[in-house]
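Only one structure is covered here, and it is reproduced in the block below.
Nothing in this text is a laboratory measurement; each read-out follows from the coordinates by a stated rule. Note that the structure is predicted; figures quoted are calculated from it, not measured. Positions of Cβ are backbone-derived with ideal geometry, glycine not excepted, and every protein chain shown enters the neighbour counts.
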Amino acid sequence: MAFHGKLASAAALLAAALLVAGSARAADLARGAEVYKLCAQCHEPTGIGNPLFLAPTIANLPDWYIKAQLNAFRGGLRGLHPEDTGGLRMYPMSRAIADEADVEAVAAYVASLPDVTPPRQIEGDAARGQTLYTPCTACHGPQGAGNQALNAPPIATQSDWYLLKSLEKFKAGIRGNDTRNANAQIMRGMANTLPDEQAMKDVVAYIKSLSGQTAAASGQ
């Protein structure tokens, strides 16, 4: 009887802990939704983004990546190059987030947004892009699903215009020129393996062809 009593007590404690954790997560998401109202002006309420505001798709990106990028903007690792128009917009927006707790809350909220499918805007040769994408698999994976251990975000579901703009910025040194940001420096080196704009368009076309595979692989 004593053994069964201990089991019942343990089960009750576990249920209470789960309830508290669930309540805490709900509170975080509620706070994240409130903070996201600032972001929605450019990224849209659904997180699909808006190329007119140079705002990429962010819905359902992993929270660790959102936090890393917000903190990079907040700390001046991104968004201060005079030719980075989109970054110059994001820098003050990121600084408007009060503290690390709000960064975590809005990151959790963005990660909770359902997947969206941004419209295709870039034309390229996906078959040629497949070969060009080969070095990218080391970090972003063969299906473009990303790898947290390497700080590599998922890219298959990202806006194609943003992928192209990002490659152009890395290649031109607008991004990846700060020695404090090792991952951005790696990306600059990778972008420099692409000889011209057409090669960038081709690799982006291939990345976008992976989006269906990525969704199927993740069960979405």
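Some points to look at:
- Packing-based ranking, highest mean first, of 128-137, 92-101 given that Cβ atoms within 10 Å are counted: 128-137, 92-101
- Amide H partners (placed H, <5 Å) of A152, local residues excluded: N147
- Placed amide H near A55: partners under 5 Å, 5+ positions off or other chain: N50
- Whether segment 118-220 is rounded, prolate or oblate, judged on the alpha carbon gyration tensor where a/c under 1.5 counts as rounded: oblate
- From phi via Karplus (6.51, -1.76, 1.60), per-residue ³J(HN,Hα) for segment 168-177 in Hz, x at Gly/Pro: 4, 5, 5, 5, 7, x, 5, 10, x, 9
- Cβ-based net charge around R31, under 10 Å, with every Lys or Arg adding one and every Asp or Glu removing one: -4
- With a Förster radius of 41 Å applied to the C-beta separation of L88 and D125, the computed FRET efficiency comes to 0.80.
- Electrostatic bookkeeping for A105 treats Lys and Arg as +1 and Asp and Glu as -1; over the other residues with beta carbon under 9 Å from its beta carbon, the sum is -3.
- Note that segment 155-165 has calculated 3J(HN,Hα) couplings of 10, 5, 9, 6, 4, 5, 5, 6, 4, 5, 4 Hz, one per residue in order, obtained from phi through the Karplus relation 6.51 cos²θ - 1.76 cosθ + 1.60 (θ = phi - 60°); glycine and proline are x.
- Cβ crowding within 10 Å averaged over residues, with 54-63, 81-90 ranked highest first: 54-63, 81-90
- Where Rh is the Kirkwood radius over Cα pairs, Rg/Rh for segment 27-160: 0.98
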